[in-house]
Amino acid sequence: MKKIIFSLSVLSCFAFSNEGPKVTTYSYGHNGMEYVARSKNGTVIISTFNSKITIRQDIATKLYKMYINNELENKNRVTICGSDADVTGKCIIKKKDSLTTVDFYYETVEWVLGIKRNF
């Protein structure tokens with residue numbers, strides 16, 4: 001009896017396992033424009049992707065300061081030290097006429113409390 005139940009459970013596993021592995025992405029972050037700055041030279045928009053809601057404004061402000069000081073390069077990985085966490089991510093800069101967008105994609109968040117989160 002035990003052999004029959006075991007063989008039925010193994011066969012049912014094979015029968016219903018036609019699905020391939022399921023790939024999911026991290027979807028708990030927030031995406032959007034965090035900071036918009038206008039000057040005589042044009043407009044700069046700072047956008048963050050997969051950001052944590054508690055630190056996104058702080059990181060966006062520091063990104064803008066780094067952009068103004070010419071410390072950011074296109075498609076480079078950058079680390080930003082915030083008040084609550086240190087964030088590492090990829091920065092993509094796009095310019096069109098007088099509009100500049102700085103897109104920052106979070107890759108790693110190291111909280112001050114010692115917790116590290118990879119995306």
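Which residues, counting only those in the range 26-44, are more than 17 Å from the chain's Cα centre (by Cα) and in contact (Cβ under 8 Å) with a residue 12 or more places away in the chain?
Here is the first cut: in the range 26-44, the residues more than 17 Å from the chain's Cα centre (by Cα) are 36-44.
Passing the criteria: 37, 41, 42, 43, 44.
Show me the strands (runs of 3 or more DSSP E) found entirely inside the range 49-119 where at least 1 residues are within 18 Å of residue 30 (Cβ to Cβ) and of a type in the set (Asp, Glu).
99-111
Which residue is modelled with the highest pLDDT, if the candidates are limited to the range 16-53 and must be open to solvent by 40 Å² or more (accessible area, probe 1.4 Å) and touching a Phe, Trp or Tyr at 6+ places or on another chain (Cβ under 8 Å)?
As a first pass, look at the range 16-53 and keep what is open to solvent by 40 Å² or more (accessible area, probe 1.4 Å): 16-28, 30-31, 33, 35-36, 38-41, 49-50, 52-53.
Within this subset, residues satisfying the condition of being touching a Phe, Trp or Tyr at 6+ places or on another chain (Cβ under 8 Å) are 26, 31, 35, 49-50, 52.
Numbers: 26: 44, 31: 84, 35: 85, 49: 89, 50: 84, 52: 81.
If we take residues in the range 16-53 being open to solvent by 40 Å² or more (accessible area, probe 1.4 Å) and touching a Phe, Trp or Tyr at 6+ places or on another chain (Cβ under 8 Å), then 49 is modelled with the highest pLDDT.
Select, from 77, 56, the only residue that is closer than 22 Å to residue 112 by Cβ, of a type in the set (Lys, Arg), without any contact (Cβ under 8 Å) to a residue 60 or more places away in the chain and surrounded by fewer than 13 Cβ atoms within 10 Å (Cβ to Cβ).
Numbers: 56 fails: surrounded by fewer than 13 Cβ atoms within 10 Å (Cβ to Cβ).
On inspection, the qualifying residue turns out to be 77.
The values are calculated or read from the model by the stated rules, or taken from the named source; none is laboratory data. Since this is a predicted model, take the numbers as computed values, not measurements. Glycine gets a Cβ as well: all are built from the backbone with ideal geometry, and neighbour counts include every protein chain shown. We work out accessible area using only protein heavy atoms, side chains counted, and drop any ligands, DNA or RNA first. Shrake-Rupley method; radii C 1.70, N 1.55, O 1.52, S 1.80 Å.
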